[in-house]
1. Mind checking the dipole of the chain: about its Cα centre, +1 per Lys or Arg Cβ, -1 per Asp or Glu Cβ, Debye to the nearest 20?
2. Which of 460, 420, 404 sits closest to the plus end of the dipole of segment 343-468, meaning its Cα is farthest towards the positive end, when Lys and Arg get +1 and Asp and Glu get -1 on the C-beta?
3. Positive end of the charge dipole of the chain (Lys, Arg +1 and Asp, Glu -1 on Cβ, about the Cα centre): tell me which of 148, 535, 486 has its Cα farthest that way.
4. Find which of 575, 618, 366 sits farthest along the positive direction of the dipole of the chain, computed with +1 on the beta-carbon of Lys and Arg, -1 on that of Asp and Glu, about the Cα centre.
5. How long are the semi-axes of the equivalent ellipsoid of segment 266-328, defined as square roots of 5 times the Cα gyration tensor eigenvalues? Whole Å, largest first.
6. At what distance in nm do the modelled label points of residue 190 and residue 293 sit from each other, each positioned 7 Å from its Cα along Cα→Cβ?
7. Given H placed on each backbone N at 1.01 Å, which residues far from residue 341 in sequence or on other chains put an amide H within less than 5 Å of it?
8. Quick one: putting +1 on the C-beta of Lys and Arg, -1 on the C-beta of Asp and Glu, what dipole do you get for segment 46-175 around its Cα centre, in Debye to the nearest 20?
Amino acid sequence: MKYLMLSIFVVLCLTARAEEKPSLSVESFASLRSTSQVKLSPSGTHLSFIRNIKGELVLMVYNRKTQEAVPIIRADNHTIFFDWYTWANDEVLLLGARYIQRQIGGPKYSSTRLYAYNINDKGKAKLAIKPNYGRDERQPQFADQVISFLPDKKDKILIQGDFEIANTPGVYELDLNTLRKKRVQRERSKVTDWIADRQGNVRIARKMDEDEFEYFLYDEGSLDRRSLFKFKAFSQESVTILGFDKDPNIIYFKALQNGYDALFKMDLTTKKQELVFSDDNYDFDGGIFYSPLTGEVAGFTHSNIEEGIRYWDDDLNKLYTSLRAVLPADKFDIDIIDTSENQRQYVLYLTGDGSTGTYMLGNRDTNELTVFASAYPDIDDRVYSGKEKISYKARDGLTIEGYLTLPVGYKEGDTLPTIIFPHGGPMARDYSGFDYWTALLAYNGYAVLQPNFRGSSGYGHEFEMAAVQGFGKKMQDDLQDAALWLVSQGIANKDKICIGGASYGGYAALMAVVKHPETFTCAASFAGVTDLERIVSKARYFTNKEIVRKQFGTDDDELAKYSPVNFAKQINRPVLLVHGSDDNVVPVYHSREMEDELSDEGKNVTYIELEEGDHYLSHQPYRITTLKAFLDFFDEHLKSD
């Protein structure tokens with residue numbers, strides 16, 4: 001009863017709101033999360049989290065007994081970026097950090113480092129992995145790749161790094177006390193990744209040879225190997241290994257079943273495969289997860305099953321069931337994002353319509369469940385009503401799904417200024433969860449539709465492969481069809497529709513005013529691709545060059561035909577371009593050249609360059625600048641008479 005009453009109290013606290021709609025600035029939406037990555041130490045004695053302090057991210061460790069909070073490391077997400085962190089054991093935190101570097105005479109690229117912090121030292125985080133220059137080792141580009149937290153060696157982990165040969169990593173055991181490493185698996189030609197079993201034995205190698213991939217199994221204690229899977233990029237034979245079970249002879253992997261990705265497991269001794277889960281209408285898009293108590297696979301996630309998760313572990317399922325009994329499914333989605341090693345303490349993440357995310361702390365021994373922090377504390381159901389899943393027919397009859405965000409209080413029959421907002425990737429997809437772009441635009445009176453156009457992931461192999469050499473073609477037409485559908489539904493005014501997006505979404509926005517100017521009043525691009533020929537040309541600097549050539553093709557005339565930069569003369573709609581100068585995914589050249597071509601033709605173009613900005617708007621001031629620019633641009637062209 002205590003648990004029930006406390007939980008009901010929590011629900012009331014989360015849902016009780018003042019009636020009036022608050023007046024919020026762009027900063028309320030565009031700021032980085034106020035709190036994120038809340039985690040428990042294995043024993044549950046300490047709590048760690050990242051706090052946003054005026055745009056600076058601070059990793060904090062809180063001693064739950066002494067109630068002392070200590071800042072560990074800070075990052076402005078400008079010169080150094082937080083990518084991830086985790087507890088290696090009860091005393092040591094590991095942090096993955098990212099930097100932007102430039103190769104002499106070549107393009108900019110990301111480089112990562114691994115740091116270790118011992119909570120008992122009260123000192124600074126230390127660089128955990130260093131090359132031994134006395135042995136002619138090199139500095140790996142990616143030096144934060146942990147492949148095993150060795151279960152029988154609490155002070156040691158396994159890492160992979162290309163200390164000897166560029167792009168060819170070996171595996172090393174790293175002592176977290178001395179920060180010394182020793183090699184346990186030498187490099188092998190064209191092997192790019194290693195996978196260890198749950199006991200910490202290096203068992204599987206992933207080889208990449210131009211556009212071909214192969215997984216090899218290494219028998220324990222032997223140099224003998226045998227092929228598990230071999231496939232070409234983008235082929236129907238593609239496989240992704242998700243991990244081992246506690247039984248070192250069982251692996252889980254993702255592969256096609258009747259045209260859709262499904263979850264399988266395989267016995268390595270017999271190579272017998274078993275279908276674990278498939279969805280007749282969607283790709284399996286989740287993964288497996290483990291019980292910290294037993295070390296076994298505890299279940300899997302998938303966005304299109306009820307509540308998005310399925311538990312096999314009896315203890316975790318019991319916890320989840322008890323939480324669901326008191327936190328109603330019609331109000332909240334719940335996600336147990338972390339537990340102590342004995343699974344008696346846990347961190348809960350609560351979302352739902354109008355909710356941007358609330359972290360809660362639970363204790364099963366005391367039946368306590370308390371609110372810890374909100375991800376976006378200014379945003380609630382008075383200003384954000386969530387997304388509605390919709391579908392519409394493309395011009396060739398294909399069904400396209402998407403997510404529609406409307407202003408709070410929208411009444412059926414109202415016609416709104418509208419934004420089509422395609423996702424990046426393009427082999428990615430949008431989901432129903434909160435995102436700051438659409439929430440801000442809807443708060444300011446816009447209808448926002450995020451179509452999962454053909455080429456998106458999640459809808460089967462054939463659907464996704466439309467993105468291969470498909471830029472500017474049918475996947476582009478799907479966006480115009482989305483706009484026309486909104487007009488047919490009485491939601492959009494046909495003369496008040498703009499398009500915006502980031503990365504591929506930025507490309508699609510620019511291509512929309514090339515191909516469908518009669519539909520779109522303006523286009524806004526953040527970090528958008530503009531020159532397909534240049535992408536293919538510059539791929540020669542990278543190890544995945546053959547995959548890039550396969551994805552885009554090598555016919556220069558065809559690439560030019562679908563590159564917005566070549567159509568400045570015919571673009572007669574206002575254009576906004578925003579780009580970070582240190583973008584190592586889509587180089588800033590794309591927007592600089594697009595702006596130059598449009599300006600030469602006397603077109604209406606606004607260009608904002610974010611000095612040392614990256615591809616992900618990681619730096620809070622740049623995120624705010626960009627969203628303000630998008631909002632002002634749309635207001636100017638959709639709300640003015």
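1. Numbers: 76 positive and 94 negative charges, 305 e Å.
Here the size comes out at about 1460 debye.
2. Result: 460, furthest along the dipole toward the positive end.
3. 148
4. 366
5. On the way: eigenvalues 118, 65, 12 Å².
They are 24, 18, 8 Å, listed largest first.
6. Once both label points are built, they end up 4.6 nm from each other.
7. Sorted by chain and number, the residues that satisfy this are 43, 44.
8. Details: 18 positive and 16 negative charges, 96 e Å.
It works out to roughly 460 debye.
The values are calculated or read from the model by the stated rules, or taken from the named source; none is laboratory data. Not measured: the values here are computed from a predicted model. For neighbour counting, all protein chains shown are included, and Cβ atoms are generated from backbone atoms with ideal geometry for every residue, glycine included. Ligands, DNA and RNA are stripped out before the accessible areas are found, and what is left, the full protein with its side chains, is counted by its heavy atoms. Shrake-Rupley method; radii C 1.70, N 1.55, O 1.52, S 1.80 Å.
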